[in-house]
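Trainee: Pasting in a structure now, in C-alpha coordinates, and then I'll have a few things to ask.
The values are calculated or read from the model by the stated rules, or taken from the named source; none is laboratory data. What you are looking at is a predicted structure, and each value in this text was computed from that prediction instead of being measured. Cβ atoms come from the backbone with ideal geometry, glycine included; neighbour counts cover every protein chain shown. In case anyone asks, the SASA skips ligands and DNA or RNA and just uses the protein heavy atoms, side chains included. Shrake-Rupley method; radii C 1.70, N 1.55, O 1.52, S 1.80 Å.
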Amino acid sequence: RKHKIKFDTNILAHVDFSEESVYASLDNWMRNYPDLDAIISISDKSAAQIITRLKNKRINVPRKIRVVGFGNEFVGEMLDPKLTTFDTHTRVIGEEASRLIIEQIISGNRDVTTKIVPGKMIIRESA
(Lines give C-alpha, C1' and ligand atoms only; values in the text may rest on other atoms or scores of the structure.)
Protein backbone atom coordinates (compact mmCIF):
# COMPACT_ATOMS: atom_id res chain seq x y z
CA ARG A 1 0.00 0.00 0.00
CA LYS A 2 2.72 2.41 1.00
CA HIS A 3 4.35 2.13 -2.44
CA LYS A 4 1.04 1.66 -4.30
CA ILE A 5 2.01 -1.77 -5.60
CA LYS A 6 -0.99 -3.86 -6.55
CA PHE A 7 -0.99 -7.16 -4.66
CA ASP A 8 -1.87 -10.24 -6.70
CA THR A 9 -3.48 -12.83 -4.42
CA ASN A 10 -2.89 -15.46 -7.13
CA ILE A 11 0.76 -15.58 -6.12
CA LEU A 12 -0.13 -16.90 -2.66
CA ALA A 13 -0.11 -20.63 -2.09
CA HIS A 14 -1.78 -22.33 0.84
CA VAL A 15 0.05 -25.55 1.62
CA ASP A 16 -0.29 -28.24 4.25
CA PHE A 17 3.53 -28.40 4.57
CA SER A 18 3.68 -31.80 2.91
CA GLU A 19 6.30 -32.24 0.23
CA GLU A 20 3.59 -32.94 -2.37
CA SER A 21 1.70 -29.74 -1.52
CA VAL A 22 4.83 -27.56 -1.58
CA TYR A 23 6.06 -29.11 -4.83
CA ALA A 24 2.64 -28.68 -6.50
CA SER A 25 2.55 -24.99 -5.49
CA LEU A 26 6.08 -24.42 -6.76
CA ASP A 27 5.32 -26.15 -10.08
CA ASN A 28 2.16 -24.03 -10.42
CA TRP A 29 4.10 -20.80 -9.78
CA MET A 30 6.74 -21.72 -12.29
CA ARG A 31 4.11 -22.56 -14.91
CA ASN A 32 2.07 -19.38 -14.34
CA TYR A 33 4.94 -16.98 -13.57
CA PRO A 34 7.87 -17.85 -15.84
CA ASP A 35 9.79 -14.75 -14.69
CA LEU A 36 9.54 -15.79 -11.03
CA ASP A 37 12.75 -14.70 -9.31
CA ALA A 38 12.04 -15.04 -5.58
CA ILE A 39 9.95 -17.06 -3.14
CA ILE A 40 9.22 -16.24 0.49
CA SER A 41 8.06 -19.22 2.51
CA ILE A 42 6.11 -19.26 5.77
CA SER A 43 8.52 -21.83 7.18
CA ASP A 44 12.11 -22.93 6.85
CA LYS A 45 10.91 -26.49 6.28
CA SER A 46 8.91 -25.48 3.21
CA ALA A 47 11.75 -23.27 2.01
CA ALA A 48 14.07 -26.29 2.25
CA GLN A 49 11.58 -28.32 0.20
CA ILE A 50 11.45 -25.51 -2.38
CA ILE A 51 15.24 -25.38 -2.67
CA THR A 52 15.37 -29.17 -3.05
CA ARG A 53 12.76 -29.09 -5.83
CA LEU A 54 14.50 -26.23 -7.62
CA LYS A 55 17.84 -28.04 -7.46
CA ASN A 56 16.19 -31.21 -8.82
CA LYS A 57 14.95 -29.10 -11.74
CA ARG A 58 18.50 -27.77 -12.17
CA ILE A 59 17.44 -24.22 -11.28
CA ASN A 60 20.16 -22.27 -9.52
CA VAL A 61 19.36 -20.81 -6.12
CA PRO A 62 19.99 -17.87 -5.73
CA ARG A 63 21.12 -16.90 -9.24
CA LYS A 64 17.81 -17.73 -10.96
CA ILE A 65 15.39 -17.85 -8.00
CA ARG A 66 16.02 -16.56 -4.49
CA VAL A 67 14.42 -18.35 -1.54
CA VAL A 68 13.69 -16.95 1.93
CA GLY A 69 12.34 -18.91 4.88
CA PHE A 70 10.75 -18.00 8.19
CA GLY A 71 11.67 -19.22 11.66
CA ASN A 72 15.45 -19.67 11.60
CA GLU A 73 15.23 -23.41 12.15
CA PHE A 74 18.44 -25.46 12.22
CA VAL A 75 17.72 -26.93 8.76
CA GLY A 76 18.53 -23.56 7.18
CA GLU A 77 22.22 -23.83 7.95
CA MET A 78 22.38 -27.41 6.68
CA LEU A 79 21.13 -26.54 3.19
CA ASP A 80 23.24 -25.78 0.17
CA PRO A 81 22.90 -22.88 -0.33
CA LYS A 82 22.35 -21.90 3.28
CA LEU A 83 18.87 -20.45 3.80
CA THR A 84 18.15 -16.76 4.27
CA THR A 85 15.43 -16.58 6.91
CA PHE A 86 13.58 -14.41 9.38
CA ASP A 87 14.43 -15.24 12.99
CA THR A 88 11.31 -14.84 15.12
CA HIS A 89 13.25 -15.42 18.36
CA THR A 90 10.87 -18.16 19.50
CA ARG A 91 12.89 -18.88 22.62
CA VAL A 92 12.62 -15.25 23.74
CA ILE A 93 8.87 -15.27 22.96
CA GLY A 94 8.44 -18.37 25.12
CA GLU A 95 10.45 -16.85 27.96
CA GLU A 96 8.46 -13.61 27.85
CA ALA A 97 5.12 -15.47 27.70
CA SER A 98 6.15 -17.58 30.70
CA ARG A 99 7.26 -14.51 32.63
CA LEU A 100 3.99 -12.68 31.90
CA ILE A 101 1.78 -15.59 32.94
CA ILE A 102 3.75 -16.15 36.14
CA GLU A 103 3.38 -12.44 36.95
CA GLN A 104 -0.38 -12.71 36.36
CA ILE A 105 -0.66 -15.76 38.60
CA ILE A 106 1.32 -14.14 41.42
CA SER A 107 -0.35 -10.71 41.19
CA GLY A 108 -3.86 -11.92 40.40
CA ASN A 109 -4.01 -9.25 37.68
CA ARG A 110 -5.64 -10.79 34.59
CA ASP A 111 -5.27 -7.77 32.31
CA VAL A 112 -4.00 -8.61 28.84
CA THR A 113 -0.45 -7.48 28.28
CA THR A 114 1.12 -6.96 24.89
CA LYS A 115 4.81 -7.59 24.50
CA ILE A 116 6.59 -7.17 21.17
CA VAL A 117 9.66 -9.28 20.54
CA PRO A 118 11.35 -7.96 17.40
CA GLY A 119 12.62 -10.46 14.86
CA LYS A 120 15.69 -10.26 12.68
CA MET A 121 16.58 -11.12 9.09
CA ILE A 122 19.38 -13.67 8.82
CA ILE A 123 20.99 -13.15 5.42
CA ARG A 124 22.62 -16.26 4.03
CA GLU A 125 23.35 -17.63 0.56
CA SER A 126 19.84 -18.42 -0.75
CA ALA A 127 18.79 -14.80 -1.32
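Trainee: Name the residues in the range 80-96 that are open to solvent by 30 Å² or more (accessible area, probe 1.4 Å) and not polar (S, T, N, Q), would you?
Mentor: Correct list: Asp80, Lys82, Phe86, His89, Arg91, Val92, Ile93, Gly94, Glu95, Glu96.
Trainee: Right, something else. Inside the range 87-122, can you point out the residues that are among the β-branched types (Val, Ile, Thr) and within 31 Å of the chain's Cα centre (by Cα)?
Mentor: Residues satisfying the conditions are Thr88, Thr90, Val92, Ile93, Ile101, Ile102, Val112, Thr113, Thr114, Ile116, Val117, Ile122.
Trainee: Are any residues in the range 2-16 assigned to a loop (DSSP other than H, G, I, E, B), out of contact with any helix residue (DSSP H, G or I) (no Cβ under 6 Å at 6 or more places or on another chain) and not basic (Lys, Arg), and if so, which ones?
Mentor: Matches in the range 2-16: His3, Ile5, Phe7, Asp8, Leu12, His14, Asp16.
Trainee: For the range 14-32, give me the residue count where each residue is closer than 15 Å to Asp44 by Cα and charged (D, E, K, R).
Mentor: Qualifying residue count for the region: 2.
Trainee: Determine whether Ile116 is loosely packed, with under 15 Cβ neighbours inside 10 Å and at pLDDT 95 or above.
Mentor: When the stated conditions are applied, Ile116 does not pass them.
Trainee: Can I ask one more? Which count do you get for residues in the range 20-39 that are outside any helix (DSSP H, G or I) and either more than 18 Å from Leu83 (Cα to Cα) or not acidic (Asp, Glu) (or both)?
Mentor: Matching residues across the range 20-39 total 6.
Trainee: Taking only the range 92-127 into account, find how many residues are in a strand (DSSP E or B) and without any contact (Cβ under 8 Å) to a residue 40 or more places away in the chain.
Mentor: Residues that pass the stated criteria total 2.
Trainee: Can you tell me how many residues in the range 40-91 are closer than 17 Å to Tyr23 by Cα, touching a strand residue (DSSP E or B) at 6+ places or on another chain (Cβ under 8 Å) and assigned to a helix (DSSP H, G or I)?
Mentor: Final tally of qualifying residues: 5.
Trainee: Same structure, new question: When you scan the range 58-70, do you find a residue that is at pLDDT 95 or above, under 24 Å from Ile116 (Cα atoms) and open to solvent by 20 Å² or more (accessible area, probe 1.4 Å), even just one?
Mentor: There is at least one residue in the range 58-70 that is at pLDDT 95 or above, under 24 Å from Ile116 (Cα atoms) and open to solvent by 20 Å² or more (accessible area, probe 1.4 Å).
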